[in-house]
Amino acid sequence: MMDDLSRRNLIINYLPQSLTEQELRNIFSSVGPLKNCKLIYDKATGYSFGYGFAEYMTADDAEKAIHSLNGMQIQNKKIKVAYARPNNDETKNSNLYIRGIPKRISDEEFEAAFQLFGRIIQCRVLRNPSTNEAKGVGFILYETHLEADEALRAMNGAQLPGYPGDCLQVKYADEEGSGRKKQVPMAFVQQHIGGPMRHGSGGDRGGGGGGRNHRSGGNHRVIIISIIITISHPMSTMSILNITIISTINIK
């Protein structure tokens, strides 16, 4: 049985990318007074992740919002309104990470394939903003861990109806995140040993701005250290930061 907070808190999926938080608030406040309303987006880029939350002052208004706004057409999207799941042991580890999603699949087709295994709280397919094609990666959040586990066992390696040749790779999102964290930091050290580097009175040639001229002679060993850091976010694609450090050591 849901507590009072769970009965007042809603999650809204399939919001148009162009919808603002204020517009979302206006839509849901038409049902009743809101305690909080939030659109989830990337603060750095302003890119909307296509879902948000609305918390009503009363459970009755939240129920009315589900009945009156679920399935509402907003621009080119038909939104999905449902109770946000409570946070307890049954709901832990119930978020699935899926790879191999066909590029031209719709959100509705993708969700329908996974609805057989339980109640879906959130379904998200990462898409190219300019073409709206799927990037091949998505997430499905189930109400309980048991439902997510059943979906993982059935769908890992499976093909979606109407899309032959594309086999899905399904794992828990927590496992995907922890696997990337093990790679941070990951360093590859390459040592390049060259011949003598002679410095005449004219100094180094071709040096970048800010470089110093060295008048002392001698051999040098150049060590190049390349550090590759993998940064991940549960709702975004992986990005890589590559830092190169060049150190010159005098050899006497």
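The values are calculated or read from the model by the stated rules, or taken from the named source; none is laboratory data. Just so it is clear, the structure is predicted and the values come from calculations on it, not from any experiment. Reconstructed Cβ throughout: ideal geometry from the backbone, glycine too, with neighbour counts over all protein chains shown. Just the protein is used for accessible areas: all its heavy atoms, side chains included, with ligands, DNA and RNA removed. Shrake-Rupley method; radii C 1.70, N 1.55, O 1.52, S 1.80 Å.
Please work out how much accessible surface ARG119 shows to a 1.4 Å probe, ignoring ligands, DNA and RNA, in Å² rounded to 10.
80
Based on the Cβ-Cβ distance of HIS145 and GLN169, what FRET efficiency does E = 1/(1 + (r/R0)^6) give at R0 = 22 Å, to the nearest 0.05? Walk me through the intermediate numbers first.
Values: r = 20 Å, r/R0 = 0.89.
For HIS145 and GLN169, the calculated efficiency is 0.65.
Which residues' amide hydrogens lie under 5 Å from the amide hydrogen of LYS135, considering only partners 5 or more residues apart or on another chain, with H built in the peptide plane?
LEU126, ARG127, ASN128
What is the distance, in nm, between label points placed 7 Å from the Cα along the Cα-to-Cβ direction at ALA112 and at LYS64?
3.3
Given the pairs LYS92/LYS135; LYS35/LYS171; LYS35/LYS103, which span a C-alpha to C-alpha distance of over 31 angstrom in this model?
Working: LYS92/LYS135 27 Å; LYS35/LYS171 35 Å; LYS35/LYS103 38 Å.
Pairs exceeding 31 Å: LYS35/LYS171; LYS35/LYS103.
For the range 1-150, which whole percent of the accessible surface, found with a 1.4 angstrom probe, sits on carbon and sulfur atoms?
49
For the range 84-161, with every protein chain kept in place, what is the accessible area per residue (1.4 Å probe, Å²)? Walk me through the numbers on the way to the answer.
On the way: 3870 Å² over 78 residues.
Heavy-atom SASA per residue in the range 84-161 reads 50 Å².
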